[in-house]
Amino acid sequence: MNIVLLGAPGAGKGTQAQKLVEEFGLVHISTGDLLRAAVKAQSKLGLEAKSYMDAGKLVPDALVINLVKERLMADDAQAGFILDGFPRNTAQAVTLDSELAAMERDLDAALLVDVKPEVIVTRLSSRRTCRSCGYTAPAGVDVCPRCGGEMHQRDDDKPETIQRRLDVYQTQTAPLIEYYRGHSILKEVDGDRPVDEVYADVKALLTA
Ligand SMILES: [Zn+2]
């Protein structure tokens, strides 16, 4: 099962991905995690990414695509994967399709976790992230349950930046919904409900 996850930041994609990983043995490929790991490992791509991040610049598409490609070729990704945070725009989606075709693989579904912008703002402003591993939890959790690291509020999750992130999502990522609808693999789920209810629908859609 090869899946692309779609949805605004804070829609709960990570939580749903985790459940799919546990139940179906898929590999969760988050570009945020990939970048952090590459930087930490000081790989060639990691050092290159770090030079952009240190300069406060966006890591270029080509670099992110190479990281994703490398990850997709790893042994543990052969049984299936969930891509989270990639593709971010239609150009990346087209590149992903051709990279997968070259590996004689393809996508089974683009899963959209749909949540209204006003709900997102409330969710994100109360989100805390682990400084070491990127794990996220609601405010009130001070120590990371995954690695024991310190939880903090990322600048990205401060109210003044959330609206800007939602605007970026609307302009760049929302067009992907139409792209995948056009490829007849779009599956939509209402993400503004309890996690387990959302997951029940996700599972029904993916295994239908
Ligand atoms: Zn952690």
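The table that follows gives values for the structure above.
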read-out: Reciprocal mean inverse distance between Cα atoms of region 98-150 - Kirkwood radius, Å; value: 14.1
read-out: Student exercise, the chain dipole from Lys, Arg, Asp, Glu Cβ charges, in Debye to nearest 20; value: 560
read-out: By average C-beta atoms within 10 angstrom, highest first, the peptides 22-30, 61-69; value: 61-69, 22-30
read-out: Volume in Å³ per residue [convex hull over Cα atoms, computed for the chain]; value: 127
read-out: 10 Å binning of all Cα-Cα separations within region 1-115, expressed as whole percents from 0 upward; value: 13, 46, 35, 6
read-out: Residues with amide H under 5 Å from that of residue 149, placed H, sequence gap 5 or more; value: 144
read-out: From the C-alpha gyration tensor of region 142-208, square roots of 5λ in Å; value: 28, 21, 11
read-out: Per-residue HN-Hα couplings for region 16-21 [Karplus 6.51, -1.76, 1.60; θ = phi - 60°; Hz; x = Gly/Pro]; value: 5, 4, 4, 5, 5, 4
read-out: Estimated distance in nm for a label pair at residue 197 and residue 178, the labels positioned 7 Å out from Cα along Cα-to-Cβ; value: 3.1
read-out: Antiparallel DSSP beta bridges within the chain, percent to nearest 5; value: 25
read-out: Amide hydrogen neighbours beyond the local backbone of residue 188, cut-off 5 Å, H modeled; value: 112
read-out: Value of [θ]222 nm, deg cm²/dmol, for the chain, DSSP H segments ≥ 4, -39500 (n - 2.57) each, nearest 500; value: -14500 deg cm²/dmol
read-out: Positive-pole candidate from 68, 52, 39, dipole of region 10-89, charges at beta carbon; value: 52
read-out: Size-normalised alpha-carbon gyration radius of region 14-75, reference 2.2 N^0.38 Å; value: 1.23
read-out: Computed label-point distance, nm, for sites residue 108 and residue 19 using a 7 Å Cα→Cβ extension; value: 1.7
read-out: Length added when fully stretched, residue 147-residue 122, from 0.36 nm per residue minus Cα-Cα; value: 6.4 nm
read-out: Cut-off under 5 Å, modelled amide H: who pairs with residue 81 long-range; value: 2, 3, 27
read-out: Within region 4-18, backbone nitrogen closer than 18 Å to the virtual label 7 Å beyond the Cα of residue 167 toward Cβ; value: 8-9
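We did not get these values from a lab; they are worked out from the coordinates using the rules stated. What you see is a predicted model, and the numbers here were worked out from it, not measured in a lab. Here the Cβ is made from the backbone with ideal geometry for all residues, glycine too, and neighbour counts use every protein chain on show.
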